[in-house]
Amino acid sequence: MSDWQPDTYLAFADERTRPARDLLAHVHLAAARRVYDLGCGPGNSTAVLVARFPQARVTGIDNSPAMLEAARVDCPGADFAFGDLSIWLPPEQPDLLFSNATFQWVPDHLRVLEQLAGTLPAGGVLAVQMPDNLAEPSHRLMQATAGQGPWAAKLGGAAAARDVLPHVETYYACLKPHFRRLDIWHSIYNHPLDGVDGIISWLGTTGLRPFLAPLLAEERESFLAVYAMMLTKAYPLQADGKVLLRFPRLFIVGTR
């Protein structure tokens, strides 16, 4: 799969950063010395952490060279390093391990979160947010489009790029032994976007990537035309000409 595209991703910078701000609002640390932003992307969430903890050393970790390059330019108040979160462990004991919309892409991420929890000192915090939207029309229709066109053979494994998130009870049972306090909740965002083209632009740098990457340019155009037609039925225009993209997200904050 080709590298992530920071500029396109940040076309919706406010909407993508809002869950990071909401997550951080539930991190009850008076101060922090060492903070890691796991899956930092282009640094928009890292900047939120730098503003909250100006005395801390903040490091963003990502596996995208393009995202890291953008982050170093846009967030000079932090350090950035390449890392594979499926095996990464903090080189220094952290006060806060923070992650905005990343671990849904990490295989067996619940095991990884348990390992990360064990690196925190007493009072340390693990704060994670993940999209929980695979049951939404935006994602169900991706899979429907993938399975019904001439590209079906190429896209047989695209849906496997992300697993459905475990039940809340599973997260609680696995993570609670590591924390004296564990908060888990869902929030549903409703983003006004510019028609189905806005939905496709939003998802083009995230959920659609595994579906578009195996296709030739002509196939991508055809795929997106079919997908757009399906989206039009699922997301009716509002009175102002916008469509509302319903977007559930799962939040987890554990305090050691």
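The values are calculated or read from the model by the stated rules, or taken from the named source; none is laboratory data. Fair warning: this is a prediction, and the values are worked out from it, not measured in the lab. Backbone-built Cβ (ideal geometry, glycine too); neighbour counts: all protein chains shown.
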From (1) more than 28 Å from Val164 (Cβ to Cβ); (2) at pLDDT 95 or above, pick out the condition that doesn't hold for Asp74.
(2)
Suppose the filter is in contact with a helix residue (DSSP H, G or I) (Cβ under 9 Å, 6 or more places away or on another chain), in contact (Cβ under 8 Å) with a residue 12 or more places away in the chain, exposed (fewer than 13 other Cβ atoms within 10 Å of the Cβ) and at positive phi; does Gly241 pass it?
yes
Can you list residue pairs whose Cβ atoms sit under 6 Å apart, with the first residue in region 110-135 being within 14 Å of Pro90 (Cβ to Cβ) and the second being surrounded by 13 or more Cβ atoms within 10 Å (Cβ to Cβ) and of a type in the set (D, E, K, R)? Count only pairs 6 or more apart in sequence or on different chains.
Leu120/Arg256; Gly124/Asp95; Gly124/Arg256
Among the residues of region 136-156, which ones are farther than 12 Å from Met230 by Cα and at pLDDT 95 or above?
Glu136
Contact list, first residue from region 17-34 and surrounded by 17 or more Cβ atoms within 10 Å (Cβ to Cβ) and at pLDDT 95 or above, second anywhere and in a helix (DSSP H, G or I) and of a type outside the set (A, V, I, L, M), beta-carbon distance below 7 Å, six or more apart or interchain, is Ala20/Ser45; Leu24/Arg52
Would you confirm whether any residue within region 46-63 is within 19 Å of the chain's Cα centre (by Cα), surrounded by 21 or more Cβ atoms within 10 Å (Cβ to Cβ) and modelled with pLDDT under 95?
no
Got a sec? Which helices (runs of 4 or more DSSP H) wholly within region 96-195 have at least 2 residues that are farther than 27 Å from Ala56 by Cβ and not aliphatic (A, V, I, L, M)?
137-148, 168-175
Go through (1) of a type in the set (S, T, N, Q); (2) closer than 25 Å to Glu219 by Cα; (3) under 16 Å from the mean Cα position of the chain (by Cα) for Ser99 and report which single condition fails.
(2)
Residues Pro210, Pro236: which one is modelled with pLDDT under 95 and at negative phi?
Pro210
Starting from region 165-187, keep only residues that are over 23 Å from Pro248 (Cα atoms), then list their pairs with residues that are of a type in the set (A, V, I, L, M) and assigned to a helix (DSSP H, G or I) whose Cβ atoms are within a distance under 7 Å, requiring at least 6 positions of separation or different chains.
His178/Ala117; Phe179/Ala117
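Does Arg220 satisfy being surrounded by 19 or more Cβ atoms within 10 Å (Cβ to Cβ) and either touching a helix residue (DSSP H, G or I) at 6+ places or on another chain (Cβ under 8 Å) or among the aromatic types (Phe, Trp, Tyr) (or both)?
no
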Quick count over region 157-192, residues being among the aliphatic types (A, V, I, L, M) and modelled with pLDDT of 95 or more, is 7
For region 96-116, give me each residue that is in contact with a strand residue (DSSP E or B) (Cβ under 7 Å, 6 or more places away or on another chain) and either of a type in the set (Phe, Trp, Tyr) or buried (at least 21 other Cβ atoms within 10 Å of the Cβ) (or both).
Leu96, Leu97, Phe98, Ser99, Asn100, Thr102, Phe103, Gln104, Leu113, Leu116
Filter region 51-73 for residues that are under 17 Å from Phe98 (Cβ atoms), in contact with a helix residue (DSSP H, G or I) (Cβ under 8 Å, 6 or more places away or on another chain) and either of a type in the set (Lys, Arg) or assigned to a helix (DSSP H, G or I) (or both) and give the result.
Arg52, Met67, Ala71
